[in-house]
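The values are calculated or read from the model by the stated rules, or taken from the named source; none is laboratory data. Because the structure is a prediction, the values reported are computed rather than measured. FYI the Cβ positions are ideal-geometry reconstructions off the backbone, even for glycines, and counts take in every protein chain you see. Remember, those area values only see protein heavy atoms, side chains included, never the ligands or the DNA or RNA. Shrake-Rupley method; radii C 1.70, N 1.55, O 1.52, S 1.80 Å.
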Amino acid sequence: MTRFSIFSLAKNALSGHANWPEYWRSPEPKPAYDVVIIGGGGHGLATAYYLAKVHKITNVAVIEKGWLGGGNTGRNTTICRSNYLYDESAALYNHAMNLWEGLSAELNYNVMFSQRGVLMLAHNTHDMQVARRTIYANRLNGVDNEILTPEQAKEFCPPLNIENLRYPVMGAALQRRGGTARHDAVAWGYARGADTMGVDIIQNCEVTGIRVEQGRAVGVETSRGFIKAGRIGCVAAGHSSVVAAMAGISLPLESYPLQALVSEPVKPAFPCVVMSNTIHAYISQSDKGELVIGAGTDQYISYSQRGGLQIIEHTLEAILELFPMFSRMRMLRSWAGIVDVTPDRSPIIGKTPVENFFINCGWGTGGFKATPGSGHVFAHTLATGEPHPINAPFSLDRFINGRLIDEAAAAAVAH
């Protein structure tokens with residue numbers, strides 16, 4: 001691809017008028033599809049890809065109200081890890097990790113997956129106890145994770161300050177298989193792959209209603225007309241509850257702004273991903289050289305893609321405590337995504353009370369890292385009408401039967 005076409009692609013994406021003929025088609029919606037997927041982010045596109053690749057279902061439409069990857073997929077901090085506490089979560093996120101490791105080859109597209117390691121800091125006795133508990137649970141589930149002393153943590157990440165902190169570094173948990181991937185590349189790779197197999201990717205097509213007849217979803221009302229569907233998969237992230245309400249379903253979700261920011265680019269100075277839930281901040285360095293910094297959720301429910309300045313200030317205070325060498329860095333830009341949070345901080349993947357209407361939502365801050373695994377198991381659910389064994393525990397009815405999967409602590413983000 002020429003330098004000009006790369007620039008044009010990025011310009012079209014930012015303007016919201018992405019056609020990108022060298023990547024995928026821009027078809028008009030057909031009157032009917034076997035499967036309609038609502039949401040053109042990473043999870044929706046991955047679902048479409050695996051529907052076509054694994055289950056040979058190609059009469060599929062991915063409909064997106066804006067441009068492809070313009071929601072949370074393009075607004076996250078690109079971290080990939082699988083060191084979650086509970087057996088169910090470990091299976092789901094490690095399934096994603098296994099797929100991440102071969103994704104560039106699978107898609108024939110470089111998603112820039114970099115296993116540079118994810119270091120999760122412990123600052124008090126409770127943190128150390130939680131870290132050890134998680135490590136032991138991870139090892140029982142075949143997930144790599146190990147405990148480090150403060151000195152070992154600094155050796156792994158030399159910029160880390162382990163002295164003269166309000167919350168001294170008492171140790172850390174390290175998942176060496178963890179790292180980062182390029183969020184846009186993930187969306188583009190899945191989109192190109194799905195399009196090649198016949199999936200229609202329809203942008204600038206907002207869902208305005210779900211048509212339900214005798215308890216069964218039969219299609220979607222959109223800004224570009226009615227589309228009949230054999231099955232509908234809702235993968236709309238922070239707006240999942242809004243879409244589900246169109247089908248008469250009330251989801252146990254709250255949507256919050258989650259902020260992030262990047263610095264001016266500099267030469268390589270930071271070797272890994274570091275997360276601290278107690279001080280609260282996380283940081284890595286992108287391949288462009290920017291410091292990618294993540295914050296906690298704002299305290300209020302909102303569909304706004306921006307957040308409060310005090311959250312950024314708190315986060316940067318934490319970063320400067322942990323990494324004083326960055327005190328003269330200038331911030332380049334900040335933004336927010338909309339995270340959909342369930343009561344147990346684990347996703348909902350599966351059936352709904354409305355026949356033929358399926359949901360994949362509630363990922364909170366865990367969405368990007370799960371992208372390949374989420375798409376793979378949700379494609380199975382849409383293709384067969386039944387959950388994959390990996391996503392079976394993440395059903396909506398767990399909030400009725402009480403079989404919750406409480407991952408609030410393992411999320412490593414205050415939400």
Using only Cα atoms, tell me the angle between helix 371-384 and the longest principal axis of the chain; keep it within 0 to 90° and round to the nearest 10.
30 degrees
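Find the accessible area per residue for segment 209-275; the probe is 1.4 Å, ligands and nucleic acids are left out, and the unit is Å². Kindly include the intermediate steps, with their values, before the conclusion.
Details: 2630 Å² over 67 residues.
I get 39 Å² per residue for segment 209-275.
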Which is farthest toward the positive dipole end of segment 242-331 among 304, 273, 315, measuring Cα position about the Cα centre, with Cβ charges +1 (Lys, Arg) and -1 (Asp, Glu)?
273
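Using packing as a proxy for protection, rank 260-273, 236-249 so that the peptide with the highest average count of other Cβ atoms within 10 Å comes first. Intermediate results must be reported in sequence, preceding the final value.
Numbers: 260-273: 16.8, 236-249: 20.9.
So the peptides 260-273, 236-249, ranked by packing, come out 236-249, 260-273.
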For the chain, alpha-carbon Rg and Dmax in angstrom:
20.8, 65
Of all the accessible heavy-atom surface of segment 311-415, with the other protein chains kept in place and a 1.4 Å probe, what percent is carbon and sulfur?
55 percent
Starting from the Cα-Cα distance between residue 144 and residue 26, subtract it from 0.36 nm times their residue separation and give me the gain in nm to one decimal.
38.3 nm
Whole-percent carbon and sulfur share, accessible surface of segment 84-149, 1.4 Å:
50 percent
With a cap of 16 neighbouring Cβ atoms within 10 Å, and only residues DSSP puts in a loop, list the GluC sites (Glu not before Pro) found in segment 55-116.
101
Enumerate lysine pairs in the chain that are 8 or more residues apart or on different chains, then count those whose Cα atoms are under 18 Å apart.
5
Quick one: helix 3-15 against the long Cα principal axis of the chain, what's the angle to the nearest 10°, folded into 0 to 90?
80 degrees
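Under 10 Å from the Cβ of residue 229, count the other residues' Cβ atoms, weight Lys and Arg +1, Asp and Glu -1, and hand me the total. Intermediate results must be reported in sequence, preceding the final value.
Numbers: positive: 211, 228, 231; negative: 34.
It works out to a net charge of +2.
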For segment 153-251, run through the GluC sites (Glu not before Pro) and keep only the ones in DSSP coil with at most 16 other Cβ atoms within 10 Å of their Cβ.
163, 206
If every Lys and Arg gets +1 and every Asp and Glu gets -1 at its Cβ, then about the Cα centre the chain yields a dipole, in debye to the nearest 20, of 620 debye
Any idea what Rg and Dmax come out to for segment 110-269 if you just take the C-alpha atoms, in Å?
22.8, 65
Segment 18-168 accessible area per residue, 1.4 Å probe, protein heavy atoms, integer Å², reads 43 Å²
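Rounded to a whole number, what is D in µm²/s for segment 36-152 from Stokes-Einstein with the Kirkwood radius over alpha-carbon pairs (20 °C, 1.002 mPa s)? Walk me through the intermediate numbers first.
On the way: Rh = 16.8 Å.
It comes out at roughly 128 µm²/s.
Just to verify a number: FRET efficiency for residue 314 and residue 397, C-beta to C-beta distance, R0 = 41 Å, to 0.05? All intermediate terms of the calculation are to be shown ahead of the outcome.
Details: r = 38 Å, r/R0 = 0.92.
Efficiency for this residue pair is about 0.65.
Looking only at chymotrypsin sites (Phe, Trp or Tyr not before Pro) in DSSP loops with at most 13 other Cβ atoms within 10 Å, what is the longest site-free stretch of the chain?
Details: sites that count: 300, 303.
Longest gap between qualifying sites, sites excluded: 1-299.
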